[in-house]
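Asker: Here you go, one structure.
The values are calculated or read from the model by the stated rules, or taken from the named source; none is laboratory data. None of the values given here were measured: they were computed from a predicted structure. Cβ: placed from backbone, ideal geometry, glycine included. Neighbour counts: every protein chain shown. Accessible surface is based on the protein model in full, side chains and every heavy atom, while ligands, DNA and RNA are left aside. Shrake-Rupley method; radii C 1.70, N 1.55, O 1.52, S 1.80 Å.
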Amino acid sequence: MAPSRAATKILRPTLRPTTRLTTSTFLSLPQIRPISAYGYEQAKVLGLSTLGEPKDVLRLHGHSISPPHNDLLTLRFLASPINPADINQIQGVYPTKPTFTTSLGTAEPLAVGGNEGVAEVISKGNGVKGVEKGDWVIMRRQGFGTWRTHAQTTVDNLVVIKDKEGLKPEQVGTVSVNPMTAYRMLKDFGGGLKEGEWFIQNGGNSGVGRAAIQLARLWGYKSINIVRKRESGMEELRSELKGLGADVVVTDEEVESKDFRDQVKEITNGGREPIRLGLNCVGGPIVNTMAKLLSPGGHIVTYGAMSKKPVSLPTGLLIFKDIHFDGFWVSKWSDRFPEQKEACVKEVLDLTRQGRFKDVPMDPVTWNYDTKQEELVTAVQGALEGFRSGKGIFVFGET
Ligand SMILES: NC(=O)c1ccc[n+]([C@@H]2O[C@H](COP(=O)([O-])OP(=O)(O)OC[C@H]3O[C@@H](n4cnc5c(N)ncnc54)[C@H](OP(=O)(O)O)[C@@H]3O)[C@@H](O)[C@H]2O)c1
């Protein structure tokens, strides 16, 4: 909701702005948005008090945000994706835990779910510099909690998107994790790829995979993309990824065949165009197959474990082919190189604006003031299912 309207509408139902609102307060009221008065915002968050399966632990909680003063600014969220890591974090199987706090008015500490998103600055304290009302911001680091309608914070937690012209919230809200991961993995391992060189990846249709395909094409690298065989829609997926710039799209079954090894020899000009990089977000035996296709001295970079299967390797790959096995975690990279992150975000958003970088297919879930908890929780729980048509993303409407 636009802030100017917030200031002019009547508070319905009547709530004093100083009332601390809880979920139970909200649930006992008719589902009419209690319009903010005097700059107070009535916020909702999707959060958890204990770790576990999203369907068991996530709940919607309402609270009130007072007008910002000094260095505080108030944000209204526009779009927040549901990434696999967000779910792993809720399940308690991720290296960083959610940020639990009692500052949202709950008796037990509550953590807001989600780590990525874009928000609009709707008001700011007198001491805030470098950000204006109406600017869009993304989160500087993990742990902010982005599945929420509003938040109040300081500018050091944010990256300001200076030029939002020509961009959709869904594009800005998904730029800082997947495209950054693909970008850095292509550039930072084994001295980076050179024009005309190849990489091979599994999860070719994942958010990261699609970003890698597109960046590679822009930078003159070639890609072999492995996707899971599906009962229907295989050819559509193949041509969709080729449309993004994939040179080869192959199923996890096809890649295991002897024919495919011969095919690889052929497409890489008898091996003269090296495959120097492998990107792995799946794990299990397929990594072995990928590593065998690499040129001597190549790197396999693991960044995810979607199959939950371990990677086991014939030692000959290490001894005789000198294949390197590395890992990459974008959160750690972003914390270490905040300026580089800003530059990369800007570069990818510029490419997006120019139509040279496409966002992933999305499965939006509209989050309005009266959206029910069940609908939001179902969207989160469903995000880890395989063979999805698009990435789950909360898109905020009338909140
Ligand atoms: N290390 C980092 O910094 C970093 C950064 C970003 C993402 N990641 C990780 O990268 C992975 C992909 O993330 P994303 O956001 O790009 O995901 P996404 O867009 O949701 O795509 C998920 C991918 O995983 C595949 N998949 C799902 N279940 C699978 C299974 N049981 N076995 C094999 N493949 C399966 C899907 O293939 P189907 O379509 O065939 O189901 C799809 O290709 C996640 O593990 C995520 O945590 C890591």
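Asker: Looking at the calculated P(r) for segment 178-332, what percent of the C-alpha pair distances fall above 24 Å? Could you put the intermediate results ahead of the total?
Answerer: Working: 2868 of 11935 pairs.
Counting pairs separated by more than 24 Å, the tail of P(r) holds 24 percent.
Asker: In square nanometres, what is the average projected area of the Cα convex hull of segment 179-240? Walk me through the intermediate numbers first.
Answerer: Values: hull surface 16.4 nm².
Value for segment 179-240: 4.1 nm².
Asker: Grab the alpha carbons of segment 74-139, take their convex hull, and tell me the volume per residue in Å³. Let's see the in-between values first.
Answerer: Details: hull volume 7.5 nm³, N = 66.
Here the figure is 113 Å³ per residue.
Asker: Of LYS164/LYS391; LYS194/LYS341; LYS309/LYS372; LYS124/LYS162; LYS242/LYS358, which pairs sit farther than 24 Å apart, going by alpha carbon to alpha carbon?
Answerer: LYS309/LYS372
Asker: In terms of modelled amide H atoms, which long-range or inter-chain residues lie less than 5 Å from the amide H of MET362?
Answerer: So MET362 has HN proximity to LYS391.
Asker: For the chain, compute Rh as the Kirkwood radius over C-alpha pairs and then the Stokes-Einstein diffusion coefficient at 4 °C and 1.567 mPa s; write the answer in µm²/s, rounded to an integer.
Answerer: Working: Rh = 22.5 Å.
So the translational diffusion coefficient is about 58 µm²/s.
Asker: How much of CYS281 can a 1.4 Å solvent probe reach, expressed as accessible area in Å² and rounded to 10?
Answerer: About 10 Å², ignoring ligands and nucleic acids.
Asker: So who's got an amide H within less than 5 Å of the one on LYS222, skipping anything under 5 residues away but keeping other chains? H placed 1.01 Å off N, in plane.
Answerer: Close amide H contacts, sequence-distant or interchain: GLY196, GLU197, TRP198, PHE199.
Asker: Ok, one more. How about segment 315-393: which GluC sites (Glu not before Pro) there lie in a loop by DSSP and see at most 16 other Cβ atoms within 10 Å?
Answerer: Working: sites: GLU339, GLU342, GLU347, GLU374, GLU375, GLU385; in loops: GLU385.
Loop-located and lightly packed - GLU385.
Asker: Pulled fully out, how much extra length does the chain show between MET234 and PHE325, if you take 0.36 nm times their separation in residues and subtract their Cα-Cα distance?
Answerer: Values: separation 91, 0.36 × 91 = 32.76 nm, distance 3.03 nm.
Gain in length upon complete extension: 29.7 nm.
Asker: Moving on to the next point. Residues with amide H under 5 Å of LEU158's amide H, sequence separation 5 or more or different chain, H placed in the peptide plane at 1.01 Å from N; which?
Answerer: ARG140
Asker: While we're looking at this one, here's another question. Counting only DSSP beta bridges with both residues in the chain, tell me the antiparallel percent, nearest 5.
Answerer: Values: 34 of 61 bridges.
Antiparallel: roughly 55 percent of the beta bridges in the chain.
Asker: Here's a follow-up. With the cut-off at 18 Å, report for segment 90-232 the share of all Cα pairs above it, as a whole percent. Walk me through the numbers before you get to the answer.
Answerer: Values: 6831 of 10153 pairs.
Roughly 67 percent, once rounded to a whole number.
Asker: For MET234, MET290, give the ranking by accessible area with the largest first, probe 1.4 Å.
Answerer: Details: MET234 20, MET290 0 Å².
Largest accessible area first, the list is MET234, MET290.
Asker: Ignoring any ligand, DNA or RNA, what whole percent of the accessible area of segment 178-332 comes from carbon and sulfur when the probe is 1.4 angstrom?
Answerer: On the way: 3600 of 6990 Å².
Carbon and sulfur together cover 51 percent of it.
Asker: Ordered by residue, what ³J(HN,Hα) values in Hz, to whole numbers, does segment 350-363 give under the Karplus form 6.51 cos²θ - 1.76 cosθ + 1.60, where θ = phi - 60° and Gly and Pro are x?
Answerer: The phi angles translate into 4, 4, 5, 4, 7, x, 9, 9, 9, 6, 6, x, 10, 10 Hz.
Asker: Right, another one. Which of the aspartates and glutamates could be linked to LYS129 by a straight reach, that is with a Cα gap under 14 Å, when you skip same-chain ones fewer than 8 residues away?
Answerer: By straight Cα distance, LYS129 reaches ASP71, ASP156.
Asker: In straight Cα distance, which lysines are under 18 Å from LYS258, not counting same-chain residues fewer than 8 positions off?
Answerer: LYS229, LYS292
Asker: Now for a separate question. Which order do HIS61, HIS324 take by accessible area at a 1.4 Å probe, largest first?
Answerer: Values: HIS61 5, HIS324 70 Å².
Correct descending sequence by accessible area is HIS324, HIS61.
Asker: Over segment 178-332, give the accessible area per residue in Å² for a 1.4 Å probe, as an integer.
Answerer: Values: 6990 Å² over 155 residues.
Result: 45 Å² of accessible area for each residue.
Asker: May I ask you to evaluate 6.51 cos²θ - 1.76 cosθ + 1.60, the Karplus curve with θ = phi - 60°, for each residue of segment 54-69 and list the ³J(HN,Hα) values in order in whole Hz, giving x for glycine and proline?
Answerer: x, 5, 8, 10, 7, 8, 8, 10, x, 8, 10, 10, 7, x, x, 10
Asker: Counting only C-alpha contacts under 8 Å and six or more residues apart, can you give the relative contact order of the chain as a whole percent?
Answerer: Numbers: 805 pairs, mean separation 62.6, N = 399.
Relative contact order here is 16 percent.
Asker: Quick one: order GLU53, GLU231, GLU41, GLU195 from most to least accessible surface, probe 1.4 Å.
Answerer: GLU231, GLU195, GLU53, GLU41
Asker: Using the Karplus curve 6.51 cos²θ - 1.76 cosθ + 1.60 with θ = phi - 60°, what ³J(HN,Hα) values do you get for each residue of segment 322-332, in whole Hz, with x for Gly and Pro?
Answerer: 6, 6, 9, 10, 10, x, 9, 9, 5, 4, 5
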